[in-house]
Amino acid sequence: MSPDIANAVALTVAALATAGVIVRPRGLPEAVWAVGGAVMLVAFGLLPWRAAVAGVTAGLDVYLFLLGMMLLSEVARETGLFDWLAAIATAHARGSAPRLFLLIYGVGTVVTVFLSNDATAVVLTPAVAAAARSARVKNPVPYLLICAFVANAASFVLPISNPANLVLYGRNMPPLLEWLPLYLLPSAAAIVATFLLLRWSVRRELAGEVAREVPRPHLSLGGRAAGIGIVVTAIVLMTVSAFDIPLGAPTAIAGIVTVLFTLLIEGASPLRIVRGISWGVLPLVAGLFVLVQALDHAGVIAALAREIEGAAHLWHDGAAIGSGLVIALASNLMNNLPAGLVAASAMQSAHTLPELFRRAVLIGVDVGPNLSVTGSLATILWLAALRREGIKVSAGTFLRTGIVVMPPALLLALGTAWLTR
């Protein structure tokens, strides 16, 4: 097989595998398609096995980060922390559906900023579902949509707010005090715009009242330990981010320590926690890393780097903003993790790009996925959390809301980044 034909076949396999992740034919898990595509590439000699191994190992920091977050979420759910928080949120809403909506959005913003968008999808979604049950809400979907939309909109306030930020910057992640001047104002624009547009799009569903009085469950010592563990994890992540230390290992260690400490207090078996974790997320991410390696091996990333450099030379700021819009669309078509990996590799190969280029691409990768239900890893985790709660949100429902919410928020964030360049 000639190199050109082999590259074409490899790209076809990668495209079909990515489509499988998004569409989930026959309801098979996303990981089946990502891993299946990666295995096919190696088995048919379309990608050297060493390159595949390099792709898998490149995601180590992301795997550890996700593991820590999933451990924290599961121990909080098992100890009743979510139900306790849900009762508090419902009580503070005082019978007002719009006030409950605002409270959940505010909490989602804080969780995303200090614990990551994946934590919002994994940790907050069960809590919001519990709050909707406590408040006897007829339709919980508007409140649950918050968990998906704010998870992406607020995911670039800090470097730790999104694993995609780790992917885009790699070893060149700016320290916290350098990051904030670059992204704080664009983040604020995205958060506010997303809230206003999302609130408007679900205004009819928020017309009624919610329950005023709900019983507050007793919070066990284990639940308190889980809550303390989550707070300590946020502090740890803020600290290591300030010193430009990779986030994966500290997150995993914090999650493991919190689980062990909580189980020790409650005298419970760890099997419940282990069984409750969505382990398929880790091979899914590994498979996506391998698919990106296939694109690199086929010369796609080098070609993209040349195009980016040419556009930057001709169009300057316009090319940067345009790249942010293109990567936002690509994130919805192929998921923002592989899109971010491709963009990061292309920008590293290009070398001579202005900082606005990277800022625009990161904003596109973070905010852009709010159009498609599988546009980001956070929304995939959100869907998995909804399935565990017995709740279904269709791709059409998400798209109808996303069309209203995402484009204005993205344009406003990109415009703010351009004004503050």
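Among the residues examined, residue 118 qualifies as within 12 Å of the chain's Cα centre (by Cα), charged (D, E, K, R) and part of a helix (DSSP H, G or I). Annotation: residue 299 fulfils all but one of (1) at pLDDT below 80; (2) buried (at least 18 other Cβ atoms within 10 Å of the Cβ); (3) of a type outside the set (Asp, Glu); the unmet one is (2).
Among the residues examined, residue 16 does not qualify as out of contact with any Pro (no Cβ under 8 Å at 6 or more places or on another chain) and over 28 Å from residue 396 (Cα atoms).
Yes/no per residue for (1) among the aliphatic types (A, V, I, L, M); (2) in contact with a Leu (Cβ under 7 Å, 6 or more places away or on another chain):
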{"position": "181", "(1), (2)": "no, no"}
{"position": "195", "(1), (2)": "no, no"}
{"position": "223", "(1), (2)": "no, yes"}
{"position": "233", "(1), (2)": "no, yes"}
{"position": "236", "(1), (2)": "yes, no"}
{"position": "243", "(1), (2)": "no, no"}
{"position": "254", "(1), (2)": "yes, no"}
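Close contacts from segment 196-222, counting a first residue that is at pLDDT below 75 and a second that is surrounded by fewer than 14 Cβ atoms within 10 Å (Cβ to Cβ), with Cβ to Cβ under 6 Å and a gap of 6+ residues or different chains, come to 211/136. Within segment 37-90, if we keep just the residues that are of a type in the set (Gly, Ala, Ser) and not in a helix (DSSP H, G or I), the residue that is surrounded by the most Cβ atoms within 10 Å (Cβ to Cβ) turns out to be 59.
In segment 188-277, counting only helices (runs of 4 or more DSSP H) that sit wholly within it, the ones holding 2 or more residues that are out of contact with any strand residue (DSSP E or B) (no Cβ under 7 Å at 6 or more places or on another chain) and crowded, with 17+ Cβ neighbours inside 10 Å span 221-242, 248-266.
Does residue 21 satisfy being crowded, with 20+ Cβ neighbours inside 10 Å, farther than 12 Å from residue 288 by Cα, in contact with a helix residue (DSSP H, G or I) (Cβ under 8 Å, 6 or more places away or on another chain) and of a type in the set (Val, Ile, Thr)?
no
For segment 321-342, indicate whether the set of residues that are part of a helix (DSSP H, G or I), farther than 30 Å from residue 300 by Cα and at pLDDT 85 or above is non-empty. So far as segment 321-342 goes, no, none of its residues is part of a helix (DSSP H, G or I), farther than 30 Å from residue 300 by Cα and at pLDDT 85 or above.
Go through segment 6-18 and give me each residue that's closer than 13 Å to residue 287 by Cβ and surrounded by 15 or more Cβ atoms within 10 Å (Cβ to Cβ). 13, 14, 17, 18, listed by residue number.
Scanning segment 382-419 for residues that are exposed (fewer than 15 other Cβ atoms within 10 Å of the Cβ) and not in a helix (DSSP H, G or I) yields a count of 3. For first residues located in segment 136-148 and closer than 19 Å to residue 162 by Cβ, partners that are among the hydroxyl-bearing types (Ser, Thr, Tyr) and crowded, with 24+ Cβ neighbours inside 10 Å and lie 6+ apart or on another chain with Cβ distances below 8 Å form the pairs 147/120; 147/125; 148/379. For segment 192-244, a residue qualifies if it is more than 23 Å from residue 130 (Cα to Cα) and either in contact with a His (Cβ under 7 Å, 6 or more places away or on another chain) or acidic (Asp, Glu) (or both), and exactly one does: 244. Looking across segment 335-377, the residues that are touching a Ser or Thr at 6+ places or on another chain (Cβ under 7 Å), buried (at least 24 other Cβ atoms within 10 Å of the Cβ) and aliphatic (A, V, I, L, M) come down to 339, 360, 361, 365.
Here's the yes/no breakdown for (1) touching a Leu at 6+ places or on another chain (Cβ under 8 Å); (2) within 24 Å of residue 373 (Cα to Cα):
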position: 76; (1), (2): no, no
position: 97; (1), (2): yes, no
position: 100; (1), (2): no, yes
position: 131; (1), (2): yes, yes
position: 134; (1), (2): no, no
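The values are calculated or read from the model by the stated rules, or taken from the named source; none is laboratory data. It should be emphasised that the depicted structure is a prediction, and the values quoted were computed from it without experimental measurement. Using ideal geometry, Cβ is built from the backbone for each residue, glycine included, and neighbour counts are taken over all protein chains shown.
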